[in-house]
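Report on the following structure.
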Amino acid sequence: MSALLLSGCSQPPSDAASSSVTPELPATLGTPSATRLSTKAVPGAVPAGDRSFGVLPPAGWTNDTAKQRTTVLYLRAPQPSANVYPCFSVVKSVMDKPPALEELVNQGMIAQRQKGATVTKLADRSIGGAPAAGYAITRTSQGFQVVQTQYYIVNGSQIVVTTMTSAAKDKAMATSTQEAILTSWSWGNPPPTAAPSTTP
């Protein structure tokens, strides 16, 4: 099956180690259909670049989605830790008939192992009410230990891949941050955040 190579968490210019990753996604073969799920956004949620979903960013993190050409969502911590910027990114593909979730995950695991990463399958779950499955990746980038978690989500014709990246020493923090983001996930365009009241 042909595949697009799409970047995951990329890195702003700095001395920090690169945290880029390339999840394997099927080529886009179709036009977006209405999502099967539409859920209410939590207060403060920000939309993906294509406005197909929204999440609540971690406090103090930057939403750099507009600067990333290959992602539909890119959230980044303000500072690097152990030479790696903690970040959360999302890429998406649309197909008329998406492959089975397990097939997508197995292909992703094989691709990451071929790149030299240590890959561990994670328990299946749901994200925003849609089925999701994924794996954890441990690898070395520019001499630094990097850990990443990727989840594949299928919602209607959409195949979505999330990637959480951090230095190995920050794995517990990254897992907690990722869980907060995924728990806030909603399908559909979240409403604009209300402007603060200026009434005295």
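The values are calculated or read from the model by the stated rules, or taken from the named source; none is laboratory data. Everything numeric here is computed off the predicted structure, so don't read it as measured data. Here the Cβ is made from the backbone with ideal geometry for all residues, glycine too, and neighbour counts use every protein chain on show. In case anyone asks, the SASA skips ligands and DNA or RNA and just uses the protein heavy atoms, side chains included. Shrake-Rupley method; radii C 1.70, N 1.55, O 1.52, S 1.80 Å.
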Gap separating the Cα centres of region 64-138 and region 142-184, nearest whole Å: 6
Reachable lysines from Lys171, criterion Cα separation under 23 angstrom, eight or more residues apart if same chain: Lys115, Lys121
Neighbour-limited loop hits for trypsin sites (Lys or Arg not before Pro), region 104-200 (at most 10 other Cβ within 10 Å; DSSP other than H, G, I, E, B): none
Distance (nanometres) between label positions extended 7 Å along Cα→Cβ at Ala111 and Val42: 2.9
Simple Cβ-charge dipole of region 46-187, Lys/Arg +1 and Asp/Glu -1, about Cα centre, in debye nearest 20: 320
Order of exposure, largest accessible area first, which applies to Thr62, Thr163, Thr140 with probe 1.4 Å: Thr140, Thr62, Thr163
Region 46-187 - percent of accessible surface contributed by carbon and sulfur, probe 1.4 Å: 52
Solvent-accessible heavy-atom area per residue, rounded to whole Å², over region 46-187 at 1.4 Å: 41
